[in-house]
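Any read-out appearing in this document is the output of simple, stated calculations on the displayed coordinates, not a laboratory observation. Not measured: the values here are computed from a predicted model. Virtual Cβ from ideal backbone geometry, glycine too; neighbours counted across all protein chains shown.
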Amino acid sequence: MFKKIILAALVAAPLCLSAQVKLGYVNSQEIFNVMPEKATAESTLKTVSDKYETEFKNLQNAFQEKLKKYETEAQDTATPDAIKERHQQELQEEYTKIQNFQQTASQDLQKQQETLLAPISQKLQNAIQAVGAEGGFTFIYDLSVPAIVYTGTGAEDITAKVKAKLGIK
């Protein structure tokens, strides 16, 4: 009886080991770049960035005007030192405000970029997972993340299927 069980196990083992592993690969960056939502997000980011750029230029121009005025006053010997020092302090404060504005603008743009692009990335990930489940794939590798150095002939490129799932041609 024991020999029959072992014999059955030995016969069944190769059948279990030969289970079909279906591999697929996708270039998520290629898909992400052609998603219409990305263009909309980039347009929104460009609009916000342009507004920050305009405000930054206005602040710089105002600073340059004050700097010229200060330089003229500094040359004038009739201007009291107390006034010169006050204007110099105002210039320093203005310069600090410009630096703070630039830092705040950069942080806000980065935050908005993350906020706008995260749902698009999630939508793409959901589509990849749906194609994987529908196609019975065991593994799907992303070619935009250079971790795979070889793709054999048994692997299937599912980029087109994911694009179709998202309605992209």
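Summary table
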item	result
Using θ = phi - 60° and Karplus 6.51 cos²θ - 1.76 cosθ + 1.60, couplings along the range 106-111 (whole Hz; Gly, Pro as x)	4, 5, 5, 5, 5, 5
Long pairs among LYS46/LYS123; LYS46/LYS163; LYS111/LYS169; LYS84/LYS111; LYS51/LYS123, criterion Cα-Cα beyond 32 Å	LYS84/LYS111
Positive-end residue, the range 20-166 charge dipole about Cα centroid, Cβ charges, pick of TYR141, GLY24, ILE98	GLY24
Per-residue HN-Hα couplings for the range 64-76 [Karplus 6.51, -1.76, 1.60; θ = phi - 60°; Hz; x = Gly/Pro]	4, 5, 5, 5, 4, 4, 5, 4, 5, 5, 5, 7, 7
For GLY24, residues with placed amide H under 5 Å, excluding near neighbours	PHE139, ILE140, TYR141, GLU156
Spatially proximal lysines relative to LYS22 (Cα-Cα < 17 Å; intrachain offsets below 8 disregarded)	LYS161
Positive-end residue of ASN58, THR44, GLN122, charge dipole of the range 20-166 with Cβ unit charges	GLN122
Within the range 92-106, backbone nitrogen closer than 18 Å to the virtual label 7 Å beyond the Cα of THR79 toward Cβ	92-95
Per-residue ³J(HN,Hα) for the range 55-62, Karplus 6.51 cos²θ - 1.76 cosθ + 1.60, θ = phi - 60°, Hz, x for Gly and Pro	5, 4, 5, 4, 5, 5, 4, 4
Cα-centred dipole magnitude for the range 55-169, charges only on beta-carbon of K, R (+1) and D, E (-1), debye, nearest 20	640 debye
